[in-house]
Structures are given as C-alpha cells and as structure tokens.
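First comes the structure, then the notes that go with it.
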Amino acid sequence: MTPGEAIVRWTARIAAAAYLARVSVDVLAPRNRIAQRWNRIIWTVGCMIFLAHVAAAFHFYHGWSHATAFEHVRKQTLLLTGFDSGFGLYLNELMAVWWVADAVLWWRNSAWPENRGAYWSLHVFFAFMMFNATVVFGPQRWSWVLFGWVVMLAITRWVLHGARNREALSDHVGKRLRDD
C-alpha cells in the first residue's frame, strides 16, 4: 500500500468512526450541555477529516480531475452492483457539502440537532452513504464491524430506554402516592 492509499483509507475510516461516535452519543448519552458539546466537536472533526479524505482521493487517485473521479466511481459501481453510473460521486459531494453545512449550523445554534426534520433527513442519507461505503464498496470485514456496532447500539439503547422508563414510572408512582 502506498502512503497515498493509506491516507485515503484512514481518513475514510476516521470520518466513519466520527459519524458512528456522533450517532452513538445521540442515542446513548443524556441530552446535557457537556455531552452535546463533545458530540459537536466530534462531528466537526469528523467533517474536517472527511474533507481531507475527499481531497486525498482527488489528489492521489484522480489527479484533481472530476472526470477521472466520475469514471472511477462509474467503473466501481458497475463492477460491484451492475449499475453503469458514476452518480455516486455526486452523492459523495452532496455529503461533503451537507456535513459542512450541518457542522456550521450546529456551531451557530447549539439547539440545531433539535430540528427533527433536518436531523433525520441528514442521518438517513449519511447512514445510506456509510452503508454503501462499508458494505457495498468496502472490505468484507467492515460489514461485520458495522453489523456489530448496530447490534450493540440497539441492545444498549433498549436497556437504557427500559431503565429510564422504569425510573420515570417509579418517580410518577412515588409522586402520586405523596400527593394522595
């Protein structure tokens, strides 16, 4: 592996890890200022690393040529999925622009993630892109890493949600008993 290939791969991996970390904090951490501040920092660093990944891919693989990058994506897509399209390059570019916009908006307004429509549309799109990058186009072993993370996150969320519901119910019952 050349140094350029290593840079492209590791920036992609670190950006994906930042995305997974952000989703994990959103799902598992309490909604307090400290957790959200760290989550915003993770998100912003992930965005910068993703931009470094895009720049490295254009530099080391495509000679800064959009046409060359489009052709590379088209060939990979055809080889792996049977679809003869380089449209995925535009989706990657949309992801870069959207990630930057989301990070900037979050720094300008700390309540930005509470905008549920923007939040869910971003994460549905990003999850689709991460799925394709890992399961469709990535090495086979990354599919298992992603699967393990999803299972772990779901189980942890289920356990935490159950504990919070039991605590809320206990508080509600205790308050009712005190009021009677």
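The values are calculated or read from the model by the stated rules, or taken from the named source; none is laboratory data. Values in this document were obtained by computation on a predicted structure and should not be read as measured data. Positions of Cβ are generated from backbone atoms using ideal geometry, with glycine treated the same way; all protein chains shown enter the neighbour counts.
What to note about this one:
- Meets criteria (closer than 24 Å to GLU5 by Cβ, surrounded by 18 or more Cβ atoms within 10 Å (Cβ to Cβ) and touching a His at 6+ places or on another chain (Cβ under 8 Å)) for ALA56: no
- In region 85-180, counting only helices (runs of 4 or more DSSP H) that sit wholly within it, the ones holding 3 or more residues that are touching a helix residue (DSSP H, G or I) at 6+ places or on another chain (Cβ under 7 Å) and at pLDDT below 75 span 140-179.
- With respect to the conditions (1) among the small types (Gly, Ala, Ser); (2) over 19 Å from PHE137 (Cβ atoms); (3) loosely packed, with under 12 Cβ neighbours inside 10 Å, GLY82 falls short on a single one, namely (2).
- Residues of region 23-49 satisfying the condition of being polar (S, T, N, Q) and either in contact with a strand residue (DSSP E or B) (Cβ under 8 Å, 6 or more places away or on another chain) or surrounded by 14 or more Cβ atoms within 10 Å (Cβ to Cβ) (or both): SER24, GLN36, ASN39, THR44
- First in region 42-60 and touching a residue at least 12 places away in the same chain (Cβ under 8 Å), second anywhere and outside any helix (DSSP H, G or I) and not aliphatic (A, V, I, L, M), Cβ under 8 Å, 6 or more apart: PHE60/THR2
- Against the conditions (1) at pLDDT 95 or above; (2) of a type in the set (Gly, Ala, Ser); (3) in a helix (DSSP H, G or I), ALA35 satisfies every one except (1).
- Residue within region 18-30 that is farther than 16 Å from THR134 by Cα and either outside any helix (DSSP H, G or I) or more than 23 Å from the chain's Cα centre (by Cα) (or both) present: yes
- Selection from region 59-79 of residues that are in a loop (DSSP other than H, G, I, E, B) and loosely packed, with under 14 Cβ neighbours inside 10 Å: GLY63, TRP64, SER65
- Taking each residue of region 102-114 that is closer than 17 Å to VAL124 by Cβ and outside the structural domain of VAL23 (by TED's automatic domain parsing) and looking for partners that are in a helix (DSSP H, G or I) and aromatic (Phe, Trp, Tyr) with beta-carbon atoms closer than 7 Å, six or more apart or interchain, yields nothing.
- So VAL73, is it within 16 Å of PHE137 (Cβ to Cβ) and without any contact (Cβ under 8 Å) to a residue 40 or more places away in the chain: yes
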